Structures are given as structure tokens and as C-alpha cells.
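*Asks:* Take this structure, written in C-alpha cells, and hold onto it; I'll ask about it next.
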Amino acid sequence: MIENLSTTQLAILSLLRAKNKNNIEYAPIPGVTHVVKELFALKNTKLGNDLLDELKFEPDNFGPFDETVSAALEDLNSIGLIKVDMIGSSKQIALTQKGKELSDNIWTMLDDEVKGLISFTKINFNNLSTEGLLEKIYALYPEMTVNSKSRVALKYRH
């Protein structure tokens with residue numbers, strides 16, 4: 001099963017497996033925007049860039065975006081590894097039981113540096129509101145504001 005997954009899918013499952021700021025394993029990711037931005041943050045490290053070579057983020061309506069992430073989420077959902085729940089007006093992405101088991105297997109294969117990077121990303125981004133998340137991304141990568149419809153982007157545009 002693992003060998004049939006893309007690097008993006010493996011990264012999503014690993015993010016979902018990593019502990020959050022409150023030290024809780026398997027904590028859901030609070031929406032598609034968070035998944036995309038957490039992967040963007042991973043990709044923008046030397047190690048992450050090497051691991052996620054298939055991702056090519058471009059400025060979009062809400063900052064960095066790559067359609068590969070949406071396709072990966074849809075595929076993971078359709079094969080029963082993740083579930084997408086509506087919480088109020090936003091989506092929450094969580095592992096299913098099958099996803100938890102597979103993500104545990106993936107996690108044991110990762111070296112400590114990769115685990116550390118994934119954990120750091122989840123701890124620092126997962127707890128933020130969508131606006132807070134965009135604020136952090138735009139502050140670090142103002143070039144990603146160019147097509148943004150978010151009012152947060154306005155203060156970072158040149």
C-alpha cells in the first residue's frame with residue numbers, strides 16, 4: 001500500500017500522524033487551506049524540498065497552492081485513509097482507523113530529521129486560525145500574495 005502512495009500523500013499522512021501543539025497524536029488538520037500551507041512550509045525547507053519534489057506551489061486566491069495537494073486529499077479520502085468532516089463552515093481532515101495504522105507504519109520508516117521537520121510544522125501551524133496561518137505565510141513569502149483574495153495579503157504586497 002505504501003509503495004502506491006505519492007510523496008505528497010505520504011507527507012499528508014505523516015502530518016496527520018504527528019503530534020500537535022498539545023502533544024496529541026493524530027490531531028486533525030483544520031481544513032484544506034491548512035494542509036496546503038503546512039505542505040508549503042515543509043517544501044520551503046532544504047529537506048522538504050528534496051522530499052516533496054513533485055510539488056510546485058504558485059500564488060493563488062489564498063496564497064501558495066498546488067493542485068497536486070487537492071488530488072492527493074481526494075485520493076486518500078476515496079481509499080479510506082482520511083475523512084473530511086464539516087465542522088461549522090469549514091472542513092477538518094482526520095485519519096480513519098485504517099489511515100492511523102498506515103501512518104504509524106510510515107512514521108516508523110522516517111528518519112528523525114524528517115520526523116522533527118514534520119512535527120515542527122504541525123506544532124507551529126496547525127493551531128493557527130486560517131487568518132493567522134495566512135499571516136505567517138505571507139510574512140515569510142510576500143511573493144505569494146500576488147493573486148490572493150485575502151485581506152491579510154494586502155499588508156504584505158509590495
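Here's the yes/no breakdown for (1) charged (D, E, K, R); (2) without any contact (Cβ under 8 Å) to a residue 40 or more places away in the chain:
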residue	(1), (2)
PHE57	no, no
LEU73	no, no
LEU76	no, no
GLY80	no, yes
THR96	no, yes
GLU113	yes, no
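*Asks:* Consider only pairs whose beta carbons are under 7 Å apart and that are at least six residues apart or on different chains; among these, list those whose first residue lies in the range 19-35 and is farther than 18 Å from ILE137 by Cβ and whose second residue is acidic (Asp, Glu) and surrounded by fewer than 17 Cβ atoms within 10 Å (Cβ to Cβ).
*Replies:* Note: pairs meeting the criteria are LYS19/GLU25.
*Asks:* Something else about it: Restricting attention to the range 59-71, report how many residues are among the hydroxyl-bearing types (Ser, Thr, Tyr) and without any contact (Cβ under 8 Å) to a residue 40 or more places away in the chain.
*Replies:* Number of matching residues: 1.
*Asks:* Looking at GLU74, is it over 18 Å from ILE29 (Cβ atoms) and either assigned to a helix (DSSP H, G or I) or small (Gly, Ala, Ser) (or both)? So that I can check it myself, show each step before the final result.
*Replies:* Details: over 18 Å from ILE29 (Cβ atoms): no; either assigned to a helix (DSSP H, G or I) or small (Gly, Ala, Ser) (or both): yes.
The answer is no for GLU74.
*Asks:* For the range 112-123, how many residues are over 16 Å from the mean Cα position of the chain (by Cα) and either polar (S, T, N, Q) or at pLDDT below 95 (or both)?
*Replies:* 0
*Asks:* Hey, among the residues in the range 25-81 that are surrounded by 15 or more Cβ atoms within 10 Å (Cβ to Cβ) and hydroxyl-bearing (Ser, Thr, Tyr), which one's modelled with the lowest pLDDT?
*Replies:* If we take residues in the range 25-81 being surrounded by 15 or more Cβ atoms within 10 Å (Cβ to Cβ) and hydroxyl-bearing (Ser, Thr, Tyr), then THR33 is modelled with the lowest pLDDT.
*Asks:* Let me ask another. Can you tell me which residue among LYS98, LYS91 is open to solvent by 30 Å² or more (accessible area, probe 1.4 Å), of a type in the set (Lys, Arg) and more than 15 Å from the chain's Cα centre (by Cα)?
*Replies:* Sole residue among the options that is open to solvent by 30 Å² or more (accessible area, probe 1.4 Å), of a type in the set (Lys, Arg) and more than 15 Å from the chain's Cα centre (by Cα): LYS98.
*Asks:* Could you list all residues from the range 128-145 that are open to solvent by 60 Å² or more (accessible area, probe 1.4 Å) and either aromatic (Phe, Trp, Tyr) or farther than 21 Å from THR45 by Cα (or both)?
*Replies:* Scanning the range 128-145 gives SER129, THR130, GLU131.
*Asks:* Might you check whether a residue that is loosely packed, with under 12 Cβ neighbours inside 10 Å and either closer than 17 Å to PHE57 by Cα or aromatic (Phe, Trp, Tyr) (or both) occurs anywhere in the range 146-153?
*Replies:* Scanning the range 146-153, I find at least one residue that is loosely packed, with under 12 Cβ neighbours inside 10 Å and either closer than 17 Å to PHE57 by Cα or aromatic (Phe, Trp, Tyr) (or both), so the answer is yes.
*Asks:* Of the residues that make up the range 106-122, is at least one small (Gly, Ala, Ser) and exposed (fewer than 14 other Cβ atoms within 10 Å of the Cβ)?
*Replies:* yes
*Asks:* So, of the residues in the range 48-71 that are of a type in the set (A, V, I, L, M, F, W, C) and not in a strand (DSSP E or B), which turns out to be nearest to the chain's Cα centre (by Cα)?
*Replies:* VAL69
*Asks:* While we're here: Quick one: count up the residues across the range 2-14 that are buried (at least 23 other Cβ atoms within 10 Å of the Cβ) and either small (Gly, Ala, Ser) or over 16 Å from GLU54 (Cβ atoms) (or both).
*Replies:* Number of matching residues: 2.
The values are calculated or read from the model by the stated rules, or taken from the named source; none is laboratory data. Computed from a predicted model, the values in this text were never measured in an experiment. Neighbour counts run over all protein chains shown; Cβ positions are idealised from the backbone, glycine included. Just the protein is used for accessible areas: all its heavy atoms, side chains included, with ligands, DNA and RNA removed. Shrake-Rupley method; radii C 1.70, N 1.55, O 1.52, S 1.80 Å.
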